[in-house]
Amino acid sequence: MGAPSQPAESGVWNRIIRSPGRAFILIFLLGFTIRGAVLVSGLLPSSYFRPRGEIGKVAVTLARTGQFANPYMIPTGATAHPTPVYTGLLALVYRSIGVTPTANYVRGLLAILAFSALYAMLPWLGLQLGLGARAGILGGIAGALVPQQGILEIIGNSDQPFPGIALGLLAVAFLRRWSGGPASAARSFLLGIGCGAAFHLSPPLLPVVLGWLLFEIGWSRARTNWRSTACIVLGVVLVCIPWTWRNYAAFHRLLFIRGNFGLELRLANHDGADADIDVTVAREAAFRHPSANIEEARKVRDLGEGEYMRQARNEAVEWIYRHPRGFLRLTFLRAVQFWCGPVRLPWSAAAITVVTALALLGLRRALSGLDRARRAAVLMPLLLFPLVYYVVSFVGHYRAPLEGWLLLLAGVEVSHRFERAG
């Protein structure tokens, strides 16, 4: 009597695999339910439900005064430290609800929705990239069950799931552009608008898009031409002009979306710096970040953020010039921890390393079956997105936009092993 149940189970599984929409709903509900239960459990400390970090401080200032300013310990004036879109979204929440625990629960809800959607889109993304829906389902379920970014996926102290979603959508858009008929000027322009909007979520997406454009120019000439590529660039430029103009008016210099790179470069490259920012913070009594050091915050206020960041960048460049071996050692350690997790937390690093190792095995297995366009779509994010994070201090959430990518590729390997075992 037990035998007939197997075909039914197999039929349910097959229906899920054949429908990315059903898989999306299943994985989304799984991820949302697990994270939502933790959010409303009452087990999380109340300190989690306050404005946190530079993003939170600027969002509060924006909600109360209309100024994109004051990310540090004291009021320091106009800023380009956080990205504008997510900060603006939080400001809308604070302006609507007030700077209250309820508003910060809403912030957590936004994170839960975004991370759940990021994992739920993996079956569809797997189909589009030629990696298979089964791999996407396995990766998506793994991400839904085990928050890859830990508590950040629940309290919403990071904007990282949004660029992860944008990365997947842009990859599919470029792939369809290369695989379809000649690209029209209108569609190219719209793609450029999408790219420009994504940069406002995460500037490190720029190298990825540039890589795709170089691939397009060098390989896909039969399906695209310089005019359609120029339309993409035009769309990007038009979207980026308003925020670039705002930054120029505030700091009298051109900045690409964010202006804190000089600070991050100095924090990562100086005498006594560790590859891991948390180790550097614990090691240095006078950690030179204006969110933790009142003297540095006063310098930002007195010099202006633009000049402060310029001086910090010059300090870092001078140190790198004088200590090339130290810089290379730190860069190597930062790259290792980006892919393998923080060495100070062995169990966490072991779990992250397993995901990365499975993703590399899945990538090797998948590449031989992909055409050149799909290889470019899959490889460019892995090669180019992390580049900036190799030269600044390791922070765990930096790799969040690639979590879906890695889980999808790990799903390729796990799926293959299941098929062999079966």
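None of the figures in this text is laboratory data; all of them are computed from the coordinates on show. None of these values were measured; they are calculated from a predicted model. Glycine also receives a Cβ, built like all others from the backbone with ideal geometry; neighbour counts cover every protein chain displayed.
Only one residue of 154, 67, 165 has its Cα farthest out toward the positive end of the dipole of the chain, where Lys and Arg carry +1 and Asp and Glu -1 on Cβ, and that residue is 165. Fully extending the segment from residue 43 to residue 74, taken as 0.36 nm per residue of separation minus the present Cα-Cα distance, adds 8.0 nm.
Can you find, among 226, 415, 378, the residue sitting farthest towards the positive end of the charge dipole of the chain, where Lys and Arg contribute +1 and Asp and Glu -1 at Cβ? Comparing the listed Cα positions along the dipole, 226 ranks first.
A simple count of charges around residue 89, restricted to other residues whose Cβ falls under 14 Å of its Cβ and scoring Lys, Arg +1 and Asp, Glu -1, yields +1.
Estimated purely from DSSP H runs of n ≥ 4, each contributing -39500 (n - 2.57), the mean residue ellipticity at 222 nm for the chain is -23000 deg cm²/dmol once divided by its residues. Largest GNM mean-square fluctuation across 129, 238, 360, computed for the chain with C-alpha springs under 10 Å, falls on 238. Remark on residue 394: its backbone amide H falls under 5 Å from those of 276, 277, a criterion applied only to residues 5 or more positions apart or on other chains, H modelled at 1.01 Å from N. Region 346-372 and region 94-147 have Cα centres separated by 21 Å. If you place +1 on the Cβ of every Lys and Arg, -1 on the Cβ of every Asp and Glu, and leave all else neutral, what size is the dipole of the chain about its Cα centre, to the nearest 20 Debye? For the chain, the charge dipole is close to 900 debye. Separation of region 182-214 from region 14-75 is 26 Å, based on Cα centroids. Largest mean-square fluctuation among 342, 45, 204, in a Gaussian network model of the chain whose springs join Cα atoms under 10 Å apart, belongs to 45. Ranked by the mean number of other Cβ atoms within 10 Å per residue, highest first, peptides 103-115, 344-356 order as 103-115, 344-356.
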